[in-house]
There are 2 protein chains.
Amino acid sequence: MQGLVKVAVDAMGGDNAPEEIVKGAVEAVCESKQIKVFLVGKEAAIRSELEKYSFDKERIEVVNADDVITNDEAPVMAIRRKKESSIVVAMNLVKQREADAFVSAGSTGAILVGGQLIVGRIKGIERPPLAPLIPTLKGVSLLVDCGANVDARSSHLVQFAKMGSVYMEHVMGVKNPKVAIVNIGAEEEKGNMLVKETYPLLKNCNEINFIGSIEARDIPTGMADVIVCEAFVGNVILKLYEGLGAALISKIKGGMMSSLRSKIGALLVKPALKKTLKSFDASEYGGAPMLGLNGLVVKTHGSSKSIEVKNSILQCIAFKEQEINEKIKENVLNQD
Amino acid sequence: MQGLVKVAVDAMGGDNAPEEIVKGAVEAVCESKQIKVFLVGKEAAIRSELEKYSFDKERIEVVNADDVITNDEAPVMAIRRKKESSIVVAMNLVKQREADAFVSAGSTGAILVGGQLIVGRIKGIERPPLAPLIPTLKGVSLLVDCGANVDARSSHLVQFAKMGSVYMEHVMGVKNPKVAIVNIGAEEEKGNMLVKETYPLLKNCNEINFIGSIEARDIPTGMADVIVCEAFVGNVILKLYEGLGAALISKIKGGMMSSLRSKIGALLVKPALKKTLKSFDASEYGGAPMLGLNGLVVKTHGSSKSIEVKNSILQCIAFKEQEINEKIKENVLNQD
């Protein structure tokens, strides 16, 4: 079993657990021979789902965990107390190097806390950011940080920029990715204290291709590949992407039902429109990595179906093969 | 001329000045007998535009100003040095009580600086916020602050909430407007330092109908009438509204052109779709008031056409008639 990328999957996390999670795991091992999955959670429930499929039995292992952390629980408390929860058990597999990566559609808070407390930071990384991909007119951009690191300092943002750049280049295959900082104007002297402090530091980074400030208006055009901001702003951007997309779609649907003429038109455009809007749905790009940990932690959207779970599992291959954490040590921490 | 609402309009500001600005002023005085406009800017240019229309000559007065402040200029410097600019001359009319209000589609930075330095704050107001209306599924919400007040303190945000509430109730006619603070989770203990500090202060305000935190995802649904945040976050929300709307429309257009079937459908839905999308375009609600000044300052979108200019001028009527500044003194500063 040498050379396999081993992924510990939280079978109990998300709106569609365990059905879609188990299905996604099966799809992943069927699609790539490089993957081995540990399905972590209530064994009986997982096994009864697994019975529905045929797959290489050697590459899916069930690891029992009797407890589940819900979205309503205070994350720090939950991680500390629920030692038998699927998240804690699965993360411990990564900590003990039995798995390379962890994937969950469960509580974001618990995943962020567990990532830090159980999997642990790479020595020298101040704060591990959560970095989802968001859709743009050109493809996708990495939004870093959308995590729990509110009230960040400029040194954190510089590490976010460098780690995000490594990820986009080596996992997503974007050559010399353009890095920008979210700001309220394009000029260097614009911004709040944090941005004004961070801007010159980024400008002096030789390791990244810093293109300056980005106004929120230009984020959806794909002007930058890596979009750096502190977590509060990142969260607003990510959530507004979701909310505004949903609102516009509901408006459009309502608008098209407003006359007979447009109702007929709506029937004709529906398939094309559906496909288009899907490509611009932030939740479609569910696999958000938490960067800078001793192992990969991937948070997929709570409403993930098997396809997103599968994609999140498969994205761990590039992460391991490209030795992202080694590159982070080299490029972010200047260690060889 | 007693009882008229007198509005000093910057005839030189915005992408379509002076043509659309002059046209909007004419439309405003034709639509309401309560309005008198001072058109401030290059006299010859304004007069040659005015010649195109017929209107009550007593209710439009041209005030010459030879200079123009552009979007590229550093605002503080521009306001201090360009004493003969249309913005400075027009704002001085408000300062000297010759006009009740000021309307401009020009440089946001210069308007914000001029509002503070020339028109001046109401005594006791710490920072005057810029408060645009943004479209939601239920109508519009007031986003306060989108101005230059970065790195705000909690006491500022409390004043924003109270002033925004007065504005929505008495200018927009929303009874007992729901006030929420932008946050990264719904629970009281969530947030960055500023939000955690502000939340209990808002909760203890008897003057407002505080409903708690709002996540960015819920802003477009119209969950709150007054959305409170500091200016950096407000700017990100406003600009992302614009950018994401534009990106989605461009995606949708592209998607509908992808097959013959959808092309035919597109022709049929086009009028309904256009109307729908227009109603969800943040730039359509151009008249953003700057609150807490000795007079009303309204910033309209840089690309405003005559209709937005007219609407911005007409909105000054309610502001004066409802004695908004008196209500701000009562409700925000607890003065009688």
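Bear in mind that the values in this text are calculations on the coordinates, not laboratory data. Since the model is a prediction, treat every value here as computed from it, not as a measurement. Every residue, glycine among them, receives a Cβ derived from its backbone with ideal geometry; neighbour counts consider all protein chains shown.
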Among segment B:54-68, those whose backbone N falls under 13 Å of a label point 7 Å along Cα→Cβ from B:Ala44 are B:66
Hey, fewest Cβ within 10 Å first, where do A:Glu308, B:Glu230 land in order?
A:Glu308, B:Glu230
Express in whole angstrom the spacing between the alpha-carbon centres of segment B:97-164 and segment B:249-282.
35 Å
Let me confirm one metric for peptide B:206-218, namely the mean number of other chain beta-carbon atoms within 10 Å of its residues' beta-carbons.
3
Which ordering of B:Cys316, B:Cys146 is given by a fewest-first count of other beta-carbon atoms within 10 Å?
B:Cys146, B:Cys316
Nm distances between copies for A:Gly139, ranked from closest, using label points 7 Å along Cα→Cβ
4.5
What are the ³J(HN,Hα) couplings of segment B:113-122, residue after residue, when phi is run through the Karplus curve with 6.51, -1.76, 1.60 and θ = phi - 60°? Round to Hz, x for glycine and proline.
5, x, x, 6, 7, 9, 5, x, 6, 5
Across the residues of A:258-265, average count of Cβ atoms on other protein chains within 10 Å?
6
Report P(r) for segment A:130-285: all Cα-Cα distances, bin width 5 Å, range 0 to the bin holding the largest distance, values in whole percent.
2, 9, 18, 20, 17, 11, 8, 6, 5, 3, 2, 0
Show the residues, 5+ positions off or on another chain, whose built amide H is closer than 5 Å to the amide H of A:Ile35.
A:Val5
Helix-only [θ]222 nm of chain A, DSSP H runs n ≥ 4, -39500 (n - 2.57) each, per residue, nearest 500:
-13500 deg cm²/dmol
Can you give me the long-range amide H partners of A:Val140? Hydrogens built in the peptide plane at 1.01 Å from N, cutoff under 5 Å, separation of 5 or more residues or another chain.
none
Starting at the first residue of segment B:184-189, write each ³J(HN,Hα) from the Karplus equation 6.51 cos²θ - 1.76 cosθ + 1.60 with θ = phi - 60°, in whole Hz, x for Gly and Pro.
9, x, 8, 7, 4, 7
Karplus-derived 3J(HN,Hα), 6.51/-1.76/1.60, for each residue of segment A:295-311, Hz, glycine and proline x:
x, 9, 10, 10, 9, 9, 4, x, 9, 3, 9, 4, 5, 5, 5, 4, 4
Go through A:Lys299/A:Lys327; A:Lys33/A:Lys82; A:Lys138/A:Lys203; B:Lys178/B:Lys299; B:Lys6/B:Lys123 and tell me which ones have a Cα-Cα distance over 26 Å in this structure.
A:Lys33/A:Lys82
When DSSP assigns beta bridges and you keep just the ones with both residues in the protein assembly as shown, what percent turn out antiparallel, to the nearest 5?
20 percent
Work out the mean other chain Cβ neighbour count within 10 Å for the residues of A:176-183 and drop it here as an integer.
1
Out of all DSSP beta bridges with both ends in segment A:130-285, state the antiparallel percent to the nearest 5.
20 percent
Which value in nm describes the separation of the simple spin-label points at B:Glu323 and B:Glu197, placed 7 Å from the Cα toward the beta carbon?
3.5 nm
Using mean Cβ contacts within 10 Å as the protection proxy, how do A:49-58, A:118-127 order, highest first?
A:118-127, A:49-58
Sorting A:Ser48, B:Ser104 on the 10 Å Cβ count, fewest up front, what's the list?
A:Ser48, B:Ser104
Give the nm distances, rounded to one decimal, from B:Ser48 to the matching residue in every other copy, measuring between label points 7 Å along Cα toward the beta carbon; shortest first.
8.3
In nanometres, what is the gap between the two model label sites at B:Met77 and B:Leu267, each 7 Å from Cα along Cα-to-Cβ?
5.5 nm
What net charge is computed for the residues neighbouring A:Asn92, neighbours being all others with C-beta under 11 Å from the C-beta of A:Asn92, Lys and Arg scored +1, Asp and Glu -1?
+1
When the C-alpha atoms of the protein assembly as shown are aligned to their principal axes, what extent does each axis show, in angstrom, from largest down?
89, 54, 48
Check which residues have an amide H placed less than 5 Å from A:Phe102's amide H, if you skip close sequence neighbours.
A:Ala8, A:Leu296, A:Val297, A:Val298
Can you list the distances in nanometres, one decimal and ascending, from the B:Arg261 label point to the identical position in each other copy, with the point 7 Å along Cα to Cβ?
2.4
